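Everything below concerns the one structure shown next.
Nothing in this text is a laboratory measurement; each read-out follows from the coordinates by a stated rule. This structure is a prediction, so every number in the text was calculated from the model and none was measured. Note that each Cβ is placed from the backbone with ideal geometry, even for glycine, and that neighbours are counted across all protein chains shown.
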Amino acid sequence: MNFEEIKKQAMSNWEAMQNSEKTRILIGTGTCGIAAGAEDILKTLREELGKNSIEADIIQVGCIGLCYAEPLVEIVKPGMPGVFYGNLTPELMAEIVRDYLTADNPHPDLALGTRGEGTINGIPRLFDLPVLKPQVRIALRNCGNIDPTDIHHYIANGGYEGLSEVLRMKPQEVIDEVKKSGLRGRGGAGFPTGLKWQFCHDSPGTQKYIVCNADEGDPGAFMDRAVLEGDPHAVLEGMLIGAYAIGASEGYIYIRAEYPLAIQRLRTALEQMEKCGLLGENILGSGFKFQLHIKEGAGAFVCGEETALMASIEGSRGMPRSRPPFPAQSGLWGKPTNINNVETWANVSAILQKGSGWYASYGTEKSKGTKTFSLVGKVMRTGLIEVPMGIPMREIIYGIGGGIPDGKNFKAVQTGGPSGGCLSASFLDSPVDYESLASAGSIVGSGGMVVMDEDSCMVDVARYFLTFTQLESCGKCIPCRWGTKQMLDILEDIVTGNGRDSDIELLLELCQAVKNGSLCALGGTAPNPVLTTIRYFRDEYEAHISEKRCPALVCKALVSYYIDSEKCQGCGICARACPAEAIKGGKRMVHVIEQDKCIKCGTCLDVCPAKFSAVVKTSGESVVAPTEPVPVGSQA
Amino acid sequence: MSIAEVTQNTHTVVQKDEETVTTRVDEILASYTGGKAELIPILQQVQQAFGYLPEEAMSRIAQFVDVPECTVFGVATFYAQFKLVPTGRNIIKVCRGTGCYVKGASRILEETEKILGIKDGETTPDLEYTLETVACFGSCALAPVMVVNDKVCGRMTTDKVKKILDRKDQH
């Protein structure tokens with residue numbers, strides 16, 4: 001079958017579905033959706049449709065990125081725009097089926113927004129909402145729109161058109177097109193993709209490999225998972241294009257085992273590609289041959305590094321080696337190899353579908369196109385977003401994210417995972433692009449963006465990241481293996497109240513040594529969280545060291561709890577809940593926490609009724625409270 | 001709520017004699033050719049069968065891929081996924097990713113440790129539960145997250161942990 005025939009069939013299937021007399025119901029069943037309870041919603045939906053004898057097509061789609069509103073369902077009645085309902089419970093789902101599907105009440109009170117032609121009174125258009133308006137969806141173009149297990153859905157939306165075009169071009173023309181687009185590697189380092197391809201293309205050798213790095217290891221990042229779950233073909237088409245341009249006949253997708261659904265989606269996609277003649281000896285009759293293999297990672301953060309990843313594919317311990325030779329000259333089994341990350345590949349297929357000029361029209365001069373971020377932490381609307389490069393950080397956090405919940409204040413935003421840094425409020429009005437983030441001491445990285453409010457202790461955050469990098473250091477080179485350990489020990493001292501005056505200077509010196517001396521980027525960037533927290537939040541380090549005080553009330557060794565004798569009503573709830581039996585009291589007696597028994601678990605603070613709010617958490621202050629229980633009221 | 005309501009997919013706990021291990025391992029090896037690149041996929045499949053990597057299995061695999069036993073041991077100890085001791089029937093993983101950390105994952109871990117009476121990385125003596133922490137599940141928008149066997153549970157609270165792990169419900 002040639003591409004025109006496949007496309008025709010895909011289009012006619014897609015149109016039949018769009019013009020169907022039946023209602024279509026799209027439900028997000030990516031990992032996030034399922035974790036939020038999508039399976040229960042799906043069950044209720046099926047039951048309610050059955051009970052009310054309604055015929056409808058249920059399509060399970062990937063993540064549209066509105067994770068805060070999961071579980072999420074879109075209902076498209078014939079001739080009507082699709083209506084999105086979020087934060088569903090089985091009860092709400094049943095109510096919507098009854099009211100909107102059996103009657104005609106679209107429940108504007110429960111609806112998030114509409115999509116498609118037409119409007120419904122009282123419901124805004126989804127893409128006009130503040131969370132979506134600033135977004136430009138290129139890598140995520142199909143996520144949440146199509147059934148990721150049906151290749152026809154992808155093809156009907158422009159899929160594999162880029163490839164079919166590419167097969168008529170010369171490999172060098174393809175590379176030039178990618179160069180012109182200005183695309184830079186989305187895995188973290190931001191190296192120009194076209195140039196990387198050129199190196200591998202120019203390397204002598206008949207056997208070459210391409211690799212998709214789907215070992216998304218940064219904690220707090222899930223962009224690649226969402227793309228693979230929601231639109232696997234976007235990535236696979238990109239890989240085919242890359243393979244053709246470079247001259248590779250074999251490819252690997254190295255994906256972490258923690259993403260079982262993404263792996264399953266990839267397997268399905270590969271089977272369908274084979275059936276359509278998009279893999280194998282003679283792809284779309286062009287004579288181009290290509291095979292793809294899935295390799296499951298086994299849990300090692302360092303395998304996100306190119307040379308470690310290749311060692312892992314070859315069956316060894318995933319330890320990096322020094323470069324040069326670069327993978328483009330000597331990669332997998334010593335052959336020229338090109339490695340790009342999931343999002344980069346998904347962008348490649350879009351660029352070849354729509355042209356380099358179109359892609360380069362987004363973004364800034366040096367950072368073209370868009371970037372996906374997983375916006376998480378202390379922000380109202382958590383989710384997966386895609387924005388043009390250069391957008392101000394404030395617009396992401398306050399516009400798309402809706403600001404900080406519970407009336408708290410913004411403190412920091414962490415980008416780039418353990419390789420990145422924590423930026424303070426002074427950065428809010430700076431643009432988000434490679435250069436600007438680098439000059440602030442952080443990196444764009446793969447796209448994790450964790451927002452922190454006043455309840456986060458920046459010293460503890462630095463300690464948290466060092467715990468991670470120290471654990472994940474492969475141990476090959478000493479600066480990383482021992483440097484991260486020493487840094488972690490110093491940070492442990494500081495958060496437990498044992499910090500010394502010289503510690504900050506010592507940390508800075510160690511940071512330089514680890515940065516300069518490490519073999520790979522894991523060690524080379526591990527100091528970033530420490531460097532940036534010292535740079536922007538030095539006062540917090542100083543409070544821990546010289547005043548033995550944790551301003552954010554996080555570091556356990558430096559906080560204490562006491563009961564306000566004027567507020568305690570002697571109800572006894574705290575004493576009963578205390579797991580350490582550290583609270584003395586009695587009926588109608590002001591309760592007292594015995595400090596030497598207290599394990600600082602915070603249970604008393606949680607259980608003290610809000611109307612009393614008598615438990616106080618404090619750090620570095622001298623506390624005036626009775627040492628023995630006294631009758632309630634005797635203090636006043 | 002209880003584990004049974006969250007997931008039925010528990011692991012089989014296998015503590016078999018040497019002979020059955022070798023037979024089962026040979027069955028698995030039959031679908032491989034013996035290339036070095038197959039080492040990690042083989043270890044993954046063997047671990048899936050036994051819940052861990054029995055010593056005899058690793059020796060057999062070393063012969064099969066034609067590498068020294070120490071190489072197999074080296075690979076098995078390098079990657080976090082591989083276990084050298086039997087794990088429990090239920091595997092509880094608490095996420096310690098950044099998103100979860102900021103949203104209070106340490107309290108979820110503490111509560112789990114308290115209920116199960118074991119620390120991170122340990123297994124209950126009755127081989128019912130193994131507790132692990134994992135770097136990130138990529139479900140950060142629903143932080144804090146815990147994974148019970150294969151099921152991701154989002155927006156966790158200490159109360160939800162209590163409900164899921166209420167051992168009285170189980171037997």
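Values computed for the structure shown
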{"item": "Farthest toward positive dipole pole in the protein assembly as shown [+1 Lys/Arg, -1 Asp/Glu at C-beta], among A:434, B:63, A:579", "result": "A:434"}
{"item": "For segment A:205-222, 3J(HN,Hα) per residue [Karplus equation, 6.51 cos²θ - 1.76 cosθ + 1.60, θ = phi - 60°, Hz, x = Gly/Pro]", "result": "x, 8, 9, 10, 10, 10, 9, 9, 8, 10, 8, 5, x, 4, x, x, 10, 8"}
{"item": "Percent of alpha-carbon pairs separated by more than 12 Å within segment A:48-104", "result": "70 percent"}
{"item": "GluC sites (Glu not before Pro) lying in DSSP loop within segment A:1-58, provided at most 12 other Cβ fall within 10 Å", "result": "A:21, A:55"}
{"item": "Cβ-based exposure ranking for A:80, B:156, A:223, in which fewest neighbours within 10 Å come first", "result": "A:80, B:156, A:223"}
{"item": "Karplus-derived HN-Hα couplings along segment A:389-401 (A = 6.51, B = -1.76, C = 1.60, θ = phi - 60°), whole Hz, x at Gly and Pro", "result": "4, x, 5, x, 4, 4, 5, 5, 6, 8, x, 5, x"}
{"item": "Segment B:18-78 shape via C-alpha gyration tensor axes, a/c threshold 1.5", "result": "rounded"}
{"item": "Prolate/oblate/rounded call for segment A:556-631, Cα gyration tensor, a/c under 1.5 rounded", "result": "rounded"}
{"item": "Residues with amide H under 5 Å from that of residue A:363, placed H, sequence gap 5 or more", "result": "A:369, A:389"}
{"item": "Projected label distance in nm at residue B:31 and residue A:202, using a 7 Å step from Cα toward the beta-carbon", "result": "4.4 nm"}
{"item": "Alpha carbon centroid spacing (whole Å) that separates segment B:130-149 from segment A:212-288", "result": "25 Å"}
{"item": "C-alpha center-to-center spacing [segment A:306-342, segment A:126-198] in angstrom", "result": "25 Å"}
{"item": "³J(HN,Hα) computed for each position of segment A:274-280 - Karplus, 6.51 cos²θ - 1.76 cosθ + 1.60, integer Hz, glycine/proline x", "result": "4, 4, 8, x, 9, 9, x"}
{"item": "Given charges at beta-carbon only (K, R positive; D, E negative), |dipole| of segment A:1-124 in Debye", "result": "180 debye"}
{"item": "Farthest positive-ward along the protein assembly as shown dipole, Cα basis, beta-carbon charges - from B:112, A:533, A:159", "result": "A:533"}
{"item": "Sequence of A:309, B:131 once ranked by neighbouring C-beta atoms within 10 Å, starting from the fewest", "result": "B:131, A:309"}
{"item": "Too-long pairs where the Cα-Cα distance tops 23 Å, listed order kept, from A:180/A:371; A:600/B:151; B:83/B:151; A:548/A:597", "result": "A:600/B:151"}
{"item": "Amide H contacts of residue A:630 (H built 1.01 Å from N, under 5 Å, at least 5 apart or other chain)", "result": "A:590"}
{"item": "Amide H partners (placed H, <5 Å) of residue A:187, local residues excluded", "result": "A:341"}
{"item": "0 to 90° range, to nearest 10: angle between helix B:105-116 axis and chain B longest Cα axis", "result": "80 degrees"}
{"item": "Check: segment B:38-169 dipole with +1 on Lys, Arg Cβ and -1 on Asp, Glu Cβ, in debye", "result": "740 debye"}
{"item": "Mean residue ellipticity (222 nm) of the protein assembly as shown, computed from DSSP H runs ≥ 4 via -39,500 (n - 2.57), nearest 500", "result": "-11000 deg cm²/dmol"}
{"item": "Chain B shape via C-alpha gyration tensor axes, a/c threshold 1.5", "result": "prolate"}
{"item": "Once the Cα gyration tensor of the protein assembly as shown is diagonalised, semi-axes √(5λ) in Å", "result": "43, 33, 29"}
{"item": "Label-reachable residues, segment A:612-630, where backbone N falls under 18 Å from a point 7 Å from residue A:595's Cα toward its Cβ", "result": "A:615-630"}
{"item": "DSSP-assigned coil residues among GluC sites (Glu not before Pro) in segment A:580-636, each with at most 11 further Cβ atoms within 10 Å", "result": "A:581, A:621"}
{"item": "Qualifying trypsin sites (Lys or Arg not before Pro) for segment B:16-70 [loop in DSSP, other Cβ within 10 Å: at most 14]", "result": "B:16"}
{"item": "Packing-based exposure ordering (other Cβ within 10 Å, fewest first) of A:591, A:293, A:152, A:107", "result": "A:293, A:107, A:152, A:591"}
{"item": "Cysteines in chain B lacking a second Cys C-beta under 4.7 Å", "result": "B:70, B:136, B:140, B:153"}
{"item": "Given charges at Cβ of Lys, Arg, Asp, Glu: chain A dipole, positive-most of A:38, A:313, A:242", "result": "A:313"}
{"item": "Mean separation of Cα contacts under 8 Å, 6 or more apart, over the residue count of segment A:1-143: relative contact order %", "result": "21 percent"}
{"item": "Of every Cα-Cα pair in segment A:1-73, the percent that sits beyond 19 Å", "result": "50 percent"}
{"item": "Within the protein assembly as shown: Cβ-based charge dipole about Cα centre, in debye rounded to nearest 20 (Lys, Arg +1; Asp, Glu -1)", "result": "860 debye"}
{"item": "Spatially proximal aspartates and glutamates relative to residue A:295 (Cα-Cα < 12 Å; intrachain offsets below 8 disregarded)", "result": "A:215, A:314, B:38"}
